Each structure stands twice: as C-alpha cells, then as structure tokens.
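Chemist: Quick one: the structure is below, and I'll ask about it shortly.
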Amino acid sequence: MKPFLLALALLAGAQAQLGQPILSSLFSKSPTCTVSDTETCKLSEMDSSPGTSTIVHPGGDTRCIFSYSSDYEFQVWPGDNDKLMDYTIVHIMYCSGDAHAGNSTRSYNDLRGQPVRQVGAVNVQTTLDWVTSQSDFWSEDGLTDLVISGASAGSLGAQVWADNILSDFKTSLPYERAAVIPDSYIGVFPDGSQGPTMIDFGVCAGGTLKNSPDLLDKCNNGELTLQDISGAAMSRHPDVPFAWIQSKRDIVQKAYYDAIGLTVDLELDAIGDVEFFKDANQIIADYTSQYKNAVSYIVDSLMHTYTLLPIVYTASSRGVAGGGDDMSMIDWLAQFPMKTGTTVESVCDGQVVDLDEHPKWFTNYCAAEAQSEYTQE
Ligand SMILES: *[C@@H]1O[C@H](CO)[C@@H](O)[C@H](O)[C@H]1NC(C)=O
C-alpha cells in the first residue's frame, strides 16, 4: 500500500492576477507530460528519482483564468516503493482565482477581449480523475495514508474538496487513514459576503457540493459559508482529523476581509488584529463544540501560510522563529494521519481565557472554547 498527499497550492491574489501557475517556473527543469489521444501520462512511468517531479498538462476542459494564460497543470512526485512513509504527491497548481472551487464564465473580458473563465473545480476534478485512474501504480489494497492539504487559497480548496475526496476515494482509491490540513484560511469574512462571492465564482455549479443537496440549496440562495462546507465535511468524516493552522494576526486574511468587505459595503471598516483573532477563535470554537475531529495550531504571528515555506520547520506557537514550550509546528504536523489510539491536542501560546472575556487590546491569549483534542479510534 502507498501513502498519498494531495496538495493544493497557494497565493490567491498573485496567481489570479498573473493567470499563471506561478510555481511552475520554479520547476522549469521538471519533465512535462501533455495528455493527448496517444499519451495518458501514467504515474507508473514517471521518473521517481528522489526530488524529481513531473508537470502534467491534462487538457480537456481545464484552463487558467485568462485566454492568454498558460495551460492548467499539476505536478507529481511519485513515491518510492522501497521506503516507508515516502509520499506520492500530487500538487494541484492554482491559476483560476476561484479558490479551486468555481466553474463560471464571467460577464467581463480579459485584455484580449475574451471572457474571463474561472474553472478551478474542473481543474481539480480532472486531476482527481487522473489520480484515481492510475490503478497500475496504486496497490490493489489502496492507500495507507491520504493527506489533503493546502495553503491560502489551497486551504480553501482543501476545505471545499475534503468531503468529495474522502467520500469518493472510499470506492475509487480506498485509504486506511486520512487527514485534512487547511493551512491559513479559517475564513473570517464580513457578514453576508460569502454567499454572493460563492455564486460569482460558480461554486454552486462547480460540482463540489454534489453530495450535499442542502448545501447546494443554500449556495443557490446566496447563503452558503465556508464554515457550512467544512462543518459538513467534519461531521461526515468523524474518523478524519481536520488540523487547522492559523496565525493570530494573519495579514493576508485580514487584507482579503477588507477587500471582500468593500464589494458588499463601501463603508466597511478595515478589520483589526483583535477582532480578527476573536472571529477566528469563534469559528474554531464552533468547530470544536460540534465536531470531535477539529484540532488547531495557532501561531502568534502575522504570517500567512506555513506548510509550503521553510518556516514550517522553525515555527512554533510563539511565532515564525519558534520558541516556547509547546510542540513545534513540524512535530505537530508529523502526527497526521494519526495512528490508532494516539491523541493530538490543539496548540496555542498565551493565557487561556473565555472568548467573551478576551482582552480588548491584545491577541496574546488563547480562547478556552477553541482548545480541543482528538483521539484516533
Ligand atoms: C462545469 O460547468 C459545465 C457547464 O457550464 C458543466 O458541463 C460541467 O460539468 C461543470 N464541471 C464541474 C467539474 O463542475
């Protein structure tokens, strides 16, 4: 059996503007494979020397946001067969500007006069179909480990796709244990802004809600939230831990709060650190009170994303450079997917106080309601 990591990539704003999978330039020496009538880009035939990845252009209905963008592509590191815990990684590049969730043709055009199209959901579904069709690579017994992880927009993608992947893979590519690791997008947004944004992105038409008629109704009514989607995923998969990584004062999530807020209310005040952290705590507290499989790692920092950056190896609850007595971020992450009988505890640095008594001027606390632990049965 083989472990498998599905990573959804980062940087919503920059990539939406460039309309390019920007990471690909970092991997320009990687071999490229383009799916065609005569080429299926088989995982079993890819170069699996350590550190080598292959860029796949799956074609079909996939695309990036602008007519002149490069092709949509994903990146594959085949795992070795002779090493324990050596993951096969499929990295879904981000070039759709819709948090990997949309399926929409916009009413406005790109610089060449062609309609802007955001089909992140099509890109992800096409990639998943490729993954599950590689039956000659995967063991007949399926996967030992399945990890669904993403940073920034990829965190949103991991949340939106978690239930689909965890549910669909049960038949198409069964797994023994799994974990979902959303890095840096807990989803603090202005009231009333999420539903309309999802309609604009085409989330309701994106197929990610196909298992959830109730969520689809809410989506079409403009009332769906990310928290509804993630809540449903946690509730449907109680044996899968959802490990939330979040900075107390994430500067990029705050900027997106302000930007999205202006699209619904031009008078909206920018969000401050104290309010942002309080709202983030409230979301985590809602998760931990309703679902036993929510745990979190909170960093006293303004950093946005960890898992795709070298700071994942240095960070602790004290900050990017580490320190303090808590388990480091990398040691905490290494616990997932969890072994049967083990327990993971939420991590946060600061005095533990009830959320309604949180300090009014500082973020140097931890909300009692957001603390949790999960034992893998
Ligand atoms: C995207 O929308 C088109 C119709 O515009 C539909 O045919 C297709 O199935 C959708 N794909 C996904 C993955 O949602």
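Just so it is clear, none of the values below were taken in a lab; they were calculated from the coordinates. Quick caveat, the model's predicted, so the values are computed rather than measured. Here the Cβ is made from the backbone with ideal geometry for all residues, glycine too, and neighbour counts use every protein chain on show.
Chemist: Name the long-range amide H neighbours of Gly322: under 5 Å, sequence gap of 5 or more, or other chain; modelled H, no Pro or chain starts.
Modeler: Ser316
Chemist: Which value in Å is the Kirkwood Rh of region 112-183 over different Cα pairs?
Modeler: One decimal place: 13.5 Å for the Kirkwood radius.
Chemist: While we're on this one: Note the direction-averaged projected area, equal to a quarter of the hull surface, for the Cα convex hull of the chain, in nm².
Modeler: Reported value for the Cα convex hull: 18.9 nm².
Chemist: Sticking with this one: Most mobile of Ala162, Ala151, Ala367 per a Gaussian network model of the chain (Cα springs, under 10 Å)?
Modeler: Highest fluctuation among the options: Ala367.
Chemist: Ok, one more. Work out the charge dipole of the chain with +1 on the Cβ of Lys and Arg and -1 on the Cβ of Asp and Glu about the Cα centre, then indicate which of Gly324, Ser49, Leu224 is farthest towards its positive end.
Modeler: The Cα lying farthest towards the positive end belongs to Ser49.
Chemist: From the Cα gyration tensor of region 66-198, with a ≥ b ≥ c the square roots of its eigenvalues, which class applies: rounded if a/c is under 1.5, or else prolate if a/b is larger than b/c, or else oblate?
Modeler: prolate
Chemist: Within the chain, which DSSP H helices have Cα atoms that stretch 24 Å or more along the helix axis and a mean Kyte-Doolittle hydropathy of at least 0.0?
Modeler: Going by DSSP H runs, the hits are 153-172.
Chemist: Once you charge only the Cβ atoms, +1 for Lys and Arg and -1 for Asp and Glu, what is the size of the charge dipole of region 148-269 about its Cα centre, to the nearest 20 debye?
Modeler: 460
Chemist: Let me ask something else about it. Taking only Cα atoms and a 10 Å spring cutoff, compute GNM fluctuations for the chain and point out the largest among Thr52, Thr197, Thr171.
Modeler: Maximum among the listed residues: Thr171.
Chemist: Can you pull the one-decimal nm distance between simple spin-label points at Asp331 and Thr132, each 7 Å off the Cα toward Cβ?
Modeler: 3.9
Chemist: Hey, any idea what the orientation-averaged projected area of the convex hull of region 210-295's Cα atoms comes to, in nm²?
Modeler: Mean orientational projected area (region 210-295, Cα hull): 6.6 nm².
Chemist: Just how large is the dipole of region 35-77 about the Cα centre, in debye to the nearest 20, putting +1 at every Lys and Arg Cβ and -1 at every Asp and Glu Cβ?
Modeler: Dipole size: approximately 120 debye.
Chemist: About its Cα centre, what dipole magnitude does the chain give when the only charges are +1 on Lys and Arg Cβ and -1 on Asp and Glu Cβ, stated in debye to the nearest 20? Let's see the in-between values first.
Modeler: Details: 21 positive and 49 negative charges, 143 e Å.
Here the chain has a charge dipole of around 680 debye.
Chemist: Where does the chain land at 222 nm, in deg cm²/dmol rounded to the nearest 500, when only DSSP H runs of n ≥ 4 count, each adding -39500 (n - 2.57), divided by all residues?
Modeler: -8500 deg cm²/dmol
Chemist: Also, I was wondering about something else. For Glu73, enumerate residues with amide H under 5 Å from its amide H, sequence gap 5+ or separate chain, H modeled in the peptide plane.
Modeler: Placed amide hydrogens put Met93 under 5 Å from Glu73.
Chemist: Oh, and also: If all Cα-Cα distances of region 162-316 are sorted into 5 Å bins from 0 onward, what percent lands in each bin, rounded to whole numbers?
Modeler: 2, 9, 16, 18, 20, 19, 11, 5, 1, 0, 0
Chemist: When the distances between all Cα atoms of region 118-253 are binned every 10 Å from zero, what whole-number percent does each bin get?
Modeler: 11, 41, 36, 11, 1
Chemist: Quick one: length gained pulling Ser49 to Leu268 fully straight, 0.36 nm per residue minus the C-alpha distance?
Modeler: Working: separation 219, 0.36 × 219 = 78.84 nm, distance 5.22 nm.
That works out to 73.6 nm of additional length.
Chemist: Just the Kirkwood number for region 247-320, please: inverse of mean 1/r across all distinct Cα pairs, in Å, one decimal.
Modeler: On the way: mean 1/r = 0.0731 Å⁻¹.
Value: 13.7 Å, from the Cα pair sum.
Chemist: If you build the convex hull over the alpha carbons only and average its shadow over all orientations, what do you get for region 41-136? Give it in nm² to one decimal. Before the final figure, lay out each step's value.
Modeler: Details: hull surface 27.4 nm².
With the hull built on Cα positions only, its mean projection is 6.9 nm².
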